[in-house]
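Inspection log for the structure reproduced underneath, given as structure tokens.
Every number in this text was worked out from the coordinates using simple rules, so none of it is lab data. Since the structure is predicted, the reported quantities are computational estimates derived from the model, not experimental observations. Here the Cβ positions follow ideal geometry from the backbone for every residue, glycine too, while neighbour counts run over all protein chains shown.
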Amino acid sequence: MNKFFRGLGKTMAVLLITILAVLLNVVLACVILSYGPSPEWQRRFVATFDETSAMKFVPRIFFSEDEVQQILHPTPTPAEEDPFEELPFEQGAGEQDAGQMVVVADPPAEGEQQIEMIDIKTPTYKGKLMKIHDPSLVVFGTLDTYGYDYHGLYLTEFIEKYNAIAGSNAGGFIDPNGTGNGGQPDGMVIRDGELIWGYAGTYYVDVIGFDKDHILHVGDMTGQEALDMGLVDALNFSGGPVLVKDGQVRQGLGGGVNPRTCLGQMADGTVLLMVIEGRRPDSLGATYDDVAMEMYEAGAVNAGNLDGGSSSDMYYNGEQIIWNSFYTGARQIPNAILVLKGGAANE
């Protein structure tokens, strides 16, 4: 019996030493990233944790709140004040002119390819880009009722509710310390041309919505401006930002290295839905600049960033093809981007 306890004691000691060593390495890594090796790495370290709901405290261990804000929002030089960058448009939407308005093409005939699935793979992140050639198939799934006393649905429940073939998460929600249940959107929601959550006079960042002609609009605006624009289905993500607008890609957006969900549209009306995995050894995540360029190079003339982090998730044809990073699995969310049944993917 004594031999058993001695063996158990040695095992526990080794385990404790291992845990302490791992914790020490994590702390040392945080210290190194906080104070070097460069200001850009410092910014990415702070932004990565600041974009989370439950881990915002980590950079604040090393910096005061004022220092955190200065790192995240440094005073721009005159050359940096306009984040829009007009790149040669052939890198983006091919032969289309940069400022051309979206003109929705006729949808593919029955039996023709309506959805394409494209793998995204870089040294630091991977993901999926879904191209939906018929924009009328793309809808925003919403809850029947929002509020403190209600909870969101899992993405699989949204897909079942709308009889969809594919979907991802969409807008943000109130999520104190990562404990939110998806019942309260963090922003506005327009459904069937009515503002069902939010206020007409409130200014919202990164509004993304479709008008009655299935043309996607992105921008910062009030709830009333969104209604006046003719948006019939819209939402926003207060973390932002707009990624591509009127054929111009935005750069200098920053952001940490995290999972991302983005929605955009090509000049012919094709909808682009992209989800990037993150917080995994084989896919750390992407910055806002990364996803802006991904959407631009895929051909987006307008695109916006949606809720990411532990909510980023994607299903197609009953299969989970992007896995979220939440420690307990799927999260309850307030709304979803859904693709109604109408075609098969070409993978």
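Points to keep in mind about this one:
- Cα shape, the range 238-347, gyration tensor, a/c 1.5 rule: oblate
- Relative contact order (percent, whole number), the range 193-316, Cα cutoff 8 Å, 6+ residue spacing: 27
- Ranked ASP220, ASP233, criterion: other C-beta atoms within 10 Å, fewest first: ASP220, ASP233
- Three-way shape call for the range 84-346 based on the alpha-carbon gyration tensor, with the a/c threshold at 1.5: rounded
- Judged by the gyration tensor of its Cα atoms, with axes a ≥ b ≥ c, the range 154-262 is rounded; a/c sits under the 1.5 cut.
- Going from the fewest other Cβ atoms within 10 Å to the most, the residues ILE321, ILE159 appear in the order ILE321, ILE159.
- Extension gain (nm, one decimal) between ASN177 and GLU65, 0.36 nm per residue minus Cα-Cα: 38.6 nm
- Peptides 289-297, 186-194, ordered by how many other C-beta atoms sit within 10 Å of their residues on average, highest first, read 289-297, 186-194.
- Contour minus Cα-Cα distance for THR124 and ASP282 (0.36 nm per residue): 56.1 nm
- Each residue in PHE140, PHE57 was given a count of other beta-carbon atoms within 10 angstrom of its own, and listing them fewest first yields PHE57, PHE140.
- A full extension of the chain between SER238 and ASN317 corresponds to an added length of 25.4 nm, given 0.36 nm per residue minus the alpha carbon distance.
- Normalised contact order of the range 84-346, rounded percent, pairs of Cα under 8 Å and 6 or more residues apart: 31
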